[in-house]
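See below for the structure under consideration.
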Amino acid sequence: MGNEVSAPYDGPPEILEGRDVTSVAKYMKSQECRKVLIMLGAGVSTAAGIPDFRSPGTGLYSNLQRLNLPYPEAVFKINYFRDNPIPFYTLARELYPGRFRPTLTHTFVKLLADHSLLDVCFTQNIDTLERQAGVPGHRIVEAHGSFAAQHCIECHSSFDGAKMKEAVETGDILRCGNCGGLVKPDIVFFGESLPAAFHKNVPRLRGGDLLIVIGTSLTVHPFASLTGLVPESCPRVLINMDPAGDIGTRPDDVLLLGRCDEIIRELARELGWEEELDREWAKTEIMKPLDQLVQAVPKASEEQAVSSPGLAEGTRPPTSAEHAPTKAEVEDARVEAEVEALTEQVEKGLEISEDASLHTPTTVTVSPEPTVARAEPSKPPETEDEGPADDASSEKKEVAEPAKEKL
């Protein structure tokens, strides 16, 4: 039933000329390719120095052991967070946006947008490096949430990002001034719902001309199932260290195995974009504050939903002058998934500060931002022993300022 039992396809391709970088680039330059869909996993960000979850000695879970968690995954369990938020806030201090630079792969996604080819980028990552690279916010679906917004976990009040950043840097734990609930970034924990933006944008896959999957083992459901929702007429390209999911079972599936940035550079070269890629990546050396990135696209998730009327009924999203509609048929596909096993070993591990867990909690109260009512929650991720899911819904609610507890 799942991706792993599908038989490999050994016949000739039907749309592409071949199953290599050159053939993919040639197709991308053709009139047939107007909507490129991207799926990003943790393997894209390890090249930025962000550790994965399970690499022995360097993964996040390995480095969290000193915080005396009952088990490593507890740091992303919502019920454990209610009882003890200190481990997550300690981790957030190490991962907070601004410490890591986007990779060539993140920059390549921006180039797709610049060339009017990017339709939507689904990312599992919570690091907001897509935003840092300059990918338009309305093209990003952070499937497992991110640090781009923050809410009270009880009354869902929305809070100012500057307050969250200050709290993370100084060792405070924010509490809601309305209900006393804990405040955290909109990273999807086990036991929480996936953001509405994820489900609202899934139907866009049905109109894709090309799907490029980068740096993921495609084992966490429901993110992994997205590859099966593009039509048979949509070539699928996997850029990863190892084969993943069911990619390789269709006539126009392409497996490009190796390091993400190296393969992306080769693809950019074939497209004639290599100099542009280097030029745009050089700009990422100057990091932008997260609040500036969020202000540039204040309600990215809502804008995505608004820009796609009728998708819930199975219609194609409206197209711009540069994006001609495709004739692809809607394909129904369901994929089972297991625990995510990330494919890249990270050379630079996460080191939790030696005094990170030695602070004594204290409480401070602040007011939340006024916001709009949140949308109906969606289904939480099935798998419970990998990292959090990475997209946060940007819908907001009215509330007051949070209280803080000193770490």
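The values are calculated or read from the model by the stated rules, or taken from the named source; none is laboratory data. Because the structure is a prediction, the values reported are computed rather than measured. Note that we place each Cβ from the backbone using ideal geometry, even for glycine, and neighbour counts take in every protein chain shown. Surface accessibility is based on the protein's heavy atoms, side chains included, excluding ligands, DNA and RNA. Shrake-Rupley method; radii C 1.70, N 1.55, O 1.52, S 1.80 Å.
Observations on the structure shown:
- Three-way shape label, region 101-237, alpha-carbon gyration tensor, a/c 1.5: prolate
- Mean accessible surface per residue for region 27-186, computed with a 1.4 Å probe while every protein chain stays in place, in Å²: 28
- Peptides 221-231, 139-149, 71-81 ranked from most to least packed by the mean count of surrounding Cβ atoms within 10 Å: 139-149, 221-231, 71-81.
- When the solvent-accessible area of region 67-134 is split by element, carbon and sulfur atoms take up 44 percent of it, the probe being 1.4 Å.
- Put simply, the amide H of His144, placed in the peptide plane, has neighbours under 5 Å in Asp390, Asp391, leaving out anything fewer than 5 places away on its chain.
- Between the amide H of Val213 and those of Met39, Val237, Leu238, Ile239, distances stay under 5 Å, these residues lying 5 or more places away or on another chain, with hydrogens modeled in the peptide plane.
- Peptides 91-103, 178-190, 207-219 ranked from most to least packed give 207-219, 178-190, 91-103, packing being the mean of other C-beta atoms within 10 angstrom over each peptide's residues.
- Whole-Hz Karplus values for region 141-146 come out as 10, 7, 4, 10, x, 6 Hz, taken residue by residue from phi with 6.51 cos²θ - 1.76 cosθ + 1.60 and θ = phi - 60°; glycine and proline positions read x.
- Taking amide hydrogens as placed 1.01 Å from N in the peptide plane, the amide H of Leu174 sits under 5 Å from those of Val183, Glu405, each at least 5 positions away in sequence or on another chain.
- ³J(HN,Hα) computed for each position of region 257-264 - Karplus, 6.51 cos²θ - 1.76 cosθ + 1.60, integer Hz, glycine/proline x: 9, x, 6, 4, 4, 5, 6, 4
- Tensor-based shape of region 69-151 (alpha-carbon gyration tensor, a/c under 1.5 rounded, otherwise prolate or oblate): prolate
- Derived scalar couplings ³J(HN,Hα) [region 10-16; Karplus, 6.51 cos²θ - 1.76 cosθ + 1.60; whole Hz; x for Gly, Pro]: 10, x, x, x, 9, 10, 6
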